[in-house]
1. When only residues in the range 12-33 that are touching a residue at least 60 places away in the same chain (Cβ under 8 Å) and under 14 Å from Ile56 (Cβ atoms) count, which is surrounded by the most Cβ atoms within 10 Å (Cβ to Cβ)?
2. Somewhere in the range 75-94, is a residue small (Gly, Ala, Ser), surrounded by 16 or more Cβ atoms within 10 Å (Cβ to Cβ), at pLDDT 95 or above and assigned to a helix (DSSP H, G or I)?
3. Could you tell me which numbered condition Pro63 fails, if it satisfies all but one of (1) surrounded by 17 or more Cβ atoms within 10 Å (Cβ to Cβ); (2) touching a residue at least 40 places away in the same chain (Cβ under 8 Å)?
4. Kindly provide the set of residues from the range 5-30 that are within 11 Å of the chain's Cα centre (by Cα) and within 15 Å of Val128 (Cβ to Cβ), ordered by number.
5. Within the range 95-119, count every residue that is part of a helix (DSSP H, G or I), within 26 Å of Ala51 (Cα to Cα) and at pLDDT below 95.
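The values are calculated or read from the model by the stated rules, or taken from the named source; none is laboratory data. Here the structure is a predicted model, which is why all the values come from computation and not from measurement. We place every Cβ from the backbone using ideal geometry, glycine too, and count neighbours over all the protein chains shown.
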Amino acid sequence: MVETTVLIDDSDIDLFIQRRFLEVYQFSKKLISYKSAEEALAWLRTVNGEAPPDIIFLDLNMPQVDGFGFLESLKTVPQKIRDKSRIVVLTSSNSQKDRDLAFSYKNVIQFVTKPLKQSDIEELKRIV
């Protein structure tokens, strides 16, 4: 079980399903949700005394700043967060181009096509 997980998705329904799924499979002690990449980045830039998230589940298709914009902006968050936080892209896209681009960012450790499944969680537990 990881300490802290962040979910970033613009869909309330997807956030609810992901949160519930992670709770049922006891993936994380603490789950934090954000409906936009901007909100999540603003929070990450202000994380001071508290521990950075272990895992960030990131949707690619969001308005304003999409998942790739988030990954690019991750360069602006404190180094301790970039060193610790790992990204799981959780998206409706099954594009090989999106997959290749996502894995070009060093923090991305997994690319999952929605919906999240038990096998995805088991594989992620093995990775971390």
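1. Start the filter on the range 12-33 by keeping residues that are touching a residue at least 60 places away in the same chain (Cβ under 8 Å), which leaves 14, 17-18, 21-22, 25, 27.
Subset that is under 14 Å from Ile56 (Cβ atoms): 18, 22, 27.
Numbers: Gln18: 23, Leu22: 20, Phe27: 20.
It comes out as Gln18.
2. Initially, the range 75-94 is screened for residues small (Gly, Ala, Ser), giving 85, 92-93.
Restricting the remaining residues to those that are surrounded by 16 or more Cβ atoms within 10 Å (Cβ to Cβ) gives 85, 93.
Imposing the further condition that a residue be at pLDDT 95 or above reduces the set to 85.
Still in the list and also assigned to a helix (DSSP H, G or I): none.
Looking through the range 75-94, none of the residues is small (Gly, Ala, Ser), surrounded by 16 or more Cβ atoms within 10 Å (Cβ to Cβ), at pLDDT 95 or above and assigned to a helix (DSSP H, G or I).
3. That leaves (1) as the condition not met.
4. Of everything in the range 5-30, those that are within 11 Å of the chain's Cα centre (by Cα) and within 15 Å of Val128 (Cβ to Cβ) turn out to be Thr5, Val6.
5. First, pick out the residues of the range 95-119 that are part of a helix (DSSP H, G or I): 96-103, 118-119.
Within this subset, residues satisfying the condition of being within 26 Å of Ala51 (Cα to Cα) are 102-103.
This time we only want the ones that are at pLDDT below 95, so: none.
Qualifying residue count for the region: 0.
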